[in-house]
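The values are calculated or read from the model by the stated rules, or taken from the named source; none is laboratory data. Predicted, not measured: the structure shown is a model, and the values here were computed from it. Please note: Cβ atoms are built from the backbone with ideal geometry, for glycine as well, and neighbour counts cover all protein chains shown.
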Amino acid sequence: MYQRMAFKISFFFLALFSLQAQSQGFLKTSGKAIVNGNGETVILRGMGLGGWMLQEGYMLQTADFANAQHQIRAKIEALIGPADTELFYEAWRANHVRKIDIDSLKAWGFNSVRLPMHYNLFTLPVEDEPVAGQHTWLDEGFELTDSLISWCRQNQMYVILDLHAAPGGQGQDQGISDYDPTKPSLWESQANRDKTVALWRRLAERYANEPWVGAYDLLNEPNWPMTGNIPLRDLYYEITDAIREVDTNHLLIIEGNWFANDFTGLTPPWDDNMAYGPHKYWSFNDRASIQWVLNIRDAHNVPIYFGESGENSNTWFRDAIKLLEEHGLGWAWWP
């Protein structure tokens, strides 16, 4: 009897907590601000979970001999063999980010995390598909993301889903998107672009009703020569249409070409729940350094979210937060 009563009480409080955790609703735009379901302005204060789903050579200090993740993995395989390499990566992904880390971020004052995703944890590369043009879905990436969302939900923190390594790689900087120049890039392969669109549709189907997924950051730091950013714009249009077929709830974040900061051809906004996501590194923390972004915000009445910043001194971090928050701009550190 006491066990049944304890179970009922526990279930009641679990249900109550769940309702409270979802009471703020989905993030959305309201003019130049991001607001929650209660209409309250939300300044996103986040940490990027770089290195978890995608290893980058400059972060591991291997760039001189292995910059992109496929090169890093090849070096490890040459050392310990394919089977032990797979065990290593399984352990890496199981331990790199855990609930205790999210609990700590919450305790330190963060209200969000930005998850850099490698597509190959969610679907096969186009060259490995058993049937060309089809999409084989893999469990691991979705399960890791589910776990992260659960940990953040328990802490009432938002998760920003960031496609950091798109099929084929979206930039000439190999390390940040696992680009392999011996294979067609995202911009040189219709199959890669189709898979990118399909992946975002799949993610949107899965998380359409999850309010603690704060936004979809569609493509991290593309860096590819293109006239007027037209191929980038067209891909964004396709992804937006695919997402909106299954999910009208979530905020979309759009990054410019050339490491997120060239928005040529990407204005005005084409969706009524969209923000622009520039990045800020190695620049002064004064209004002049962000005036160009404020101009975009003011001209198009759209929010701005600095999805990456940091790699500097503690003094710089302090001054950056002061500057951005004085102007109502959200931010996330890169680790």
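In table form, for the structure just shown:
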read-out: Hits in the stretch 165-189 - residues which are of a type outside the set (Phe, Trp, Tyr) and in contact with a Lys or Arg (Cβ under 9 Å, 6 or more places away or on another chain); value: 166, 167, 168, 169, 186, 189
read-out: Matching residues in the stretch 280-314 - criterion: being over 21 Å from residue 240 (Cβ atoms), out of contact with any Leu (no Cβ under 9 Å at 6 or more places or on another chain) and in contact (Cβ under 8 Å) with a residue 24 or more places away in the chain; value: 281, 282, 298, 308, 310, 311, 312
read-out: Residue 120 being modelled with pLDDT of 95 or more, buried (at least 19 other Cβ atoms within 10 Å of the Cβ) and assigned to a loop (DSSP other than H, G, I, E, B); value: no
read-out: Subset of the stretch 283-313 [at pLDDT below 95 and part of a helix (DSSP H, G or I)]; value: none
read-out: Test: residue in the stretch 135-144 that is more than 20 Å from the chain's Cα centre (by Cα), part of a helix (DSSP H, G or I), over 17 Å from residue 50 (Cα atoms) and not polar (S, T, N, Q); value: no
read-out: Residues being of a type in the set (A, V, I, L, M) and loosely packed, with under 15 Cβ neighbours inside 10 Å - total across the stretch 299-335; value: 1
read-out: Qualifying residue in the stretch 255-264 (condition: out of contact with any strand residue (DSSP E or B) (no Cβ under 8 Å at 6 or more places or on another chain) and under 30 Å from residue 205 (Cβ atoms)); value: no
read-out: Among (1) more than 17 Å from residue 223 (Cα to Cα); (2) touching a residue at least 60 places away in the same chain (Cβ under 8 Å); (3) surrounded by 24 or more Cβ atoms within 10 Å (Cβ to Cβ), the one test that residue 165 misses; value: (1)
read-out: Those residues of the stretch 293-335 which are among the hydroxyl-bearing types (Ser, Thr, Tyr) and more than 28 Å from residue 270 (Cβ to Cβ), in sequence order; value: 313, 315
read-out: Residue under evaluation residue 147, criteria (1) under 13 Å from residue 53 (Cβ atoms); (2) surrounded by 21 or more Cβ atoms within 10 Å (Cβ to Cβ), criterion not met; value: (2)
read-out: Hits in the stretch 269-290 (condition: within 14 Å of residue 310 (Cβ to Cβ) and touching a Lys or Arg at 6+ places or on another chain (Cβ under 9 Å)); value: 285
read-out: Test: residue in the stretch 312-331 that is under 28 Å from residue 185 (Cα atoms) and either among the acidic types (Asp, Glu) or touching a strand residue (DSSP E or B) at 6+ places or on another chain (Cβ under 8 Å) (or both); value: no
